[in-house]
1. Got at least one residue in the range A:137-153 being within 14 Å of another protein chain (Cβ to nearest Cβ), more than 16 Å from the chain's Cα centre (by Cα) and not polar (S, T, N, Q)?
2. Going by the conditions given, is A:Thr100 in contact (Cβ under 8 Å) with a residue 24 or more places away in the chain and within 14 Å of chain B (Cβ to nearest Cβ)?
3. For the range A:105-145, give me each residue that is of a type in the set (Val, Ile, Thr) and either surrounded by fewer than 21 Cβ atoms within 10 Å (Cβ to Cβ) or within 26 Å of B:Asp58 (Cβ to Cβ) (or both).
4. Kindly indicate whether A:Pro38 is surrounded by fewer than 16 Cβ atoms within 10 Å (Cβ to Cβ) and either of a type in the set (Ser, Thr, Tyr) or within 14 Å of another protein chain (Cβ to nearest Cβ) (or both).
5. Six or more apart or on different chains, Cβ under 6 Å: which pairs go from a residue in the range A:27-50 that's at positive phi to one that's outside any helix (DSSP H, G or I)? Could you list them?
6. Residue check: is B:Thr74 surrounded by 16 or more Cβ atoms within 10 Å (Cβ to Cβ), among the polar types (S, T, N, Q) and under 19 Å from B:Asp23 (Cβ atoms)?
7. Could you please find all residues in the range A:123-134 being touching a helix residue (DSSP H, G or I) at 6+ places or on another chain (Cβ under 8 Å) and in contact (Cβ under 8 Å) with a residue 40 or more places away in the chain?
8. Of the residues that make up the range A:177-188, is at least one aromatic (Phe, Trp, Tyr), at pLDDT below 90 and in contact with a Pro (Cβ under 9 Å, 6 or more places away or on another chain)?
Amino acid sequence: MDGIDKDVAVFPTESSPDLTAIVVAAASAAYRLREIAPLRKLPPAYPGVELSGHFLKHADEQTIVALAAIQRATQRYNIDPRNLAGWGIIAAPRYIGRLTGANVLYKFPRGGTSAVAPHIVAQCSLHSVSGAASIALGMQGPNVGVGGGEWAIGDGVMAALTLFEIVRVPGVWLLLTEFDCEPVPDEEGRPQNDPTCHAVALALMPGSAGASPSQMPGEAANSQLTLRPGSHSKSLRANYPEPTVAEIAGCIDAAERGLPARWACWLPWGGRIEMRLAAAELLLPQEALPQDVLPQDALTRAA
Amino acid sequence: MDREQLRHSLADLIEQETWERPDDFGDGVKIREGLKLDSVDLLSVMLKAESRLGVSLDSRDFDKITTVGDLLTTIQRKMAARATGKAA
């Protein structure tokens, strides 16, 4: 069929300049599926935010692990979320809600509406992770879920880095979550395996890969996330391996151990994501975080 | 079922929903702030109440419910209407 492999208009286009953000905090979390149930009774506690004790009762597993990753980031870098209330949140879950969905598909035909919890609508949708994180952190900026399936990492990075172009936010939390491997439900939605749920939380601020370190706030310029549109020739784009959240978590782990860390992947449309993290102690301290919205002209882009 | 029996029954449902039995389930307690139920929590409780008590609630009923007293009164009115219908 004509047009199937034709280029379509996307943003950023292949001729767009690189998009770069400074990584000011990064953390990861990973839990086996059977370890997640106890976490439901331990909702995060941040100053100024009063959550109910059942806040996580119906939350998807990817939401719970994402909140754990955020909590590690805020604790490790002494971040008070009240200072980031105007930030945005981009979450890119992968196949969220499969176990709950399988359970609902089993129960609904047998018991009707009273047999299933309506929470699946709010808790197992694409925007559920970002929405829950926004409530838990007491944030007032935009929160959006993107991706949802294969290559969700690429969708998340692109959405986070382009958000700086669209909305005047001083920073963005990028949450990447997935199971490895996917949960296998039985007919009633009960898991038949014990996969690991991974989450990464990256706190991003607009920045420039092309700027010299002296132009950047402190040493934070050494920790960057970059999207390079159209980096690869079309003839070499077939069969790129899909990146994993665990790979990114490994990069963060190396930085936390004081090692310079790099991670990169190709995207099927030809773009490339590159992340480099300086040793964790070099990341931007809390007092350097802006309290107000940055003017649009503060955005810098790599040439 | 009188009002106090209904109150006890609804407190059971809310305990199932929130893992906590409400300390205060008096008429004046606000659903959202006092019981920390969001709109989906309330919908879930009401679906269970419908099943347990045999009444049917629609979205217009939800708009009027802000306190425990509103909740009890709404359900009692539905139960009374159902009983009247059956008697007729």
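1. Among the residues of the range A:137-153, not one is within 14 Å of another protein chain (Cβ to nearest Cβ), more than 16 Å from the chain's Cα centre (by Cα) and not polar (S, T, N, Q), which makes the answer no.
2. yes
3. If the condition is that a residue be of a type in the set (Val, Ile, Thr) and either surrounded by fewer than 21 Cβ atoms within 10 Å (Cβ to Cβ) or within 26 Å of B:Asp58 (Cβ to Cβ) (or both), then A:Thr113, A:Val116, A:Ile120, A:Val121, A:Ile135, A:Val144 are the ones that fit.
4. Here the answer is yes, as A:Pro38 does meet what is asked.
5. As it stands, the answer is A:Gly48/A:Gly138, since those pairs meet every condition given.
6. Judged against the criteria, B:Thr74 is not a match.
7. A:Gln123, A:Cys124, A:Ser128, A:Val129, A:Ala132, A:Ala133
8. no
The values are calculated or read from the model by the stated rules, or taken from the named source; none is laboratory data. For clarity, every value in this text was computed on a predicted model and none was experimentally measured. Here the Cβ is made from the backbone with ideal geometry for all residues, glycine too, and neighbour counts use every protein chain on show.
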